[in-house]
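The next block holds one structure in the form of structure tokens; read it before the comments.
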């Protein structure tokens, strides 16, 4: 899941691959709130789940995003 998140960040949001780790804060790589919302939509569509704005507000790192997605996919 981490690899997919990193791929989306690098290809869709032009985030340099070398700056992405599990502990990277979303606000470091997605500085615009619209990018964060778009990121949530893209990841939700990729995994066929709905990620609410409220859920996006609760995650801070890439690892948190992966955990959120994992729990939603498993449900």
Residues in the stretch 49-75 that are under 17 Å from residue 3 (Cα atoms) and out of contact with any helix residue (DSSP H, G or I) (no Cβ under 8 Å at 6 or more places or on another chain) total 3
With the first residue restricted to the stretch 1-29 and required to be over 17 Å from residue 60 (Cβ atoms), and the second required to be exposed (fewer than 13 other Cβ atoms within 10 Å of the Cβ), Cβ contacts under 8 Å at 6 or more apart or on different chains are 10/16; 10/17
Residue 23 - would you say it is part of a helix (DSSP H, G or I) and either farther than 14 Å from residue 67 by Cα or over 9 Å from the mean Cα position of the chain (by Cα) (or both)? no
Of those in the stretch 45-55 that are part of a helix (DSSP H, G or I) and free of Cβ contacts under 8 Å to residues at least 24 places away in the same chain, the residue farthest from residue 27 (Cα to Cα) is 45
Considering the stretch 22-47, residues that are surrounded by fewer than 12 Cβ atoms within 10 Å (Cβ to Cβ) and modelled with pLDDT of 95 or more, and then whichever is farthest from residue 2 (Cα to Cα), we arrive at 45
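The values are calculated or read from the model by the stated rules, or taken from the named source; none is laboratory data. Just so it is clear, the structure is predicted and the values come from calculations on it, not from any experiment. Every residue, glycine among them, receives a Cβ derived from its backbone with ideal geometry; neighbour counts consider all protein chains shown.
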